[in-house]
1. So which strands (runs of 3 or more DSSP E) stay within the stretch 133-214 end to end and still have 1 or more residues that are aromatic (Phe, Trp, Tyr) and surrounded by fewer than 18 Cβ atoms within 10 Å (Cβ to Cβ)?
2. Which members of the stretch 3-44 meet the condition of being over 21 Å from Asn91 (Cβ atoms), out of contact with any Cys (no Cβ under 8 Å at 6 or more places or on another chain) and β-branched (Val, Ile, Thr)?
3. Can you find a residue in the stretch 114-122 that is touching a helix residue (DSSP H, G or I) at 6+ places or on another chain (Cβ under 8 Å), of a type in the set (A, V, I, L, M, F, W, C) and outside any loop (DSSP other than H, G, I, E, B)?
4. Could you tell me which of the residues Tyr119, Tyr110 is touching a residue at least 12 places away in the same chain (Cβ under 8 Å), out of contact with any Lys or Arg (no Cβ under 7 Å at 6 or more places or on another chain), surrounded by 12 or more Cβ atoms within 10 Å (Cβ to Cβ) and farther than 28 Å from Ala164 by Cβ?
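Derivation of every value follows stated rules applied to the coordinates shown; laboratory data play no part. Bear in mind the structure is a predicted one, so any value in this text is a computation, not a measurement. All Cβ positions, even for glycine, are placed from backbone atoms using ideal geometry, and neighbour counts span all protein chains on display.
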Amino acid sequence: MISDEDALKIAEKLENADIDIKQTIEKATTAGYLGEDHFYCTVIEEGGYTHTVPEILGDRYKSQPLDNLYFDIISKALDHDGIYISLAYCNSNLILPDENCDEIIEYDDYDLDEDEYEYMVEYGLISADSIKKFKVYAEEGIAGHQPTEDMGIITNIIDGEYKAYFALRSTDRCMSSFMILPLSTEYPKEHPLSFKNPINKILIEMIDKTIVQN
């Protein structure tokens, strides 16, 4: 697992990274956790809400291939409020057989005595590149994300240059909103939005490896 400092460095270098938007979106869809390919990239509007390309085209329930029309809309959105690309997902309700995981990570930085731990929680972490399982005792208080949340990047063009930042999307009742730069070093490691949270550090590393750069 990467250190707190390395997690911060990845976030800092992301801002000015030379990202291949099209290839990153196409790669993200191979992760499979959102189902329809067009869900992996959504257009941002002022106020922090997102819209899928089918929704922009007038039928939110219609499947939309990643064709020229799709990427034309995405390209235009980059000049306005930007886009969100979903790149990783965390869920404690996923049942992942060990043999289907690329890596199994057991948390080992416990604060309590061994006899104070009873209930083991397993989190499934998924990206286009890998499937990982993170195991931690619930008594440690390490919080993961909600099943309705996914993590990725928002990007748009500012003063002629691409800018990208980590973001967390939350979907509720068919509406999506997101938080830009949601992670903070001010939170303790138990907080779901802490840079020190081991789940977030794993997700940051997974996202970094998923992004396609020019």
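1. 161-172
2. The answer is Ile10, Ile19, Ile21, Thr24, Val43, Ile44.
3. yes
4. Tyr110
Conditions (1) assigned to a helix (DSSP H, G or I); (2) surrounded by fewer than 16 Cβ atoms within 10 Å (Cβ to Cβ); (3) out of contact with any helix residue (DSSP H, G or I) (no Cβ under 9 Å at 6 or more places or on another chain), marked per residue:
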| site | (1), (2), (3) |
| --- | --- |
| His38 | yes, no, no |
| Glu46 | no, yes, yes |
| Glu55 | yes, no, yes |
| Lys62 | no, yes, no |
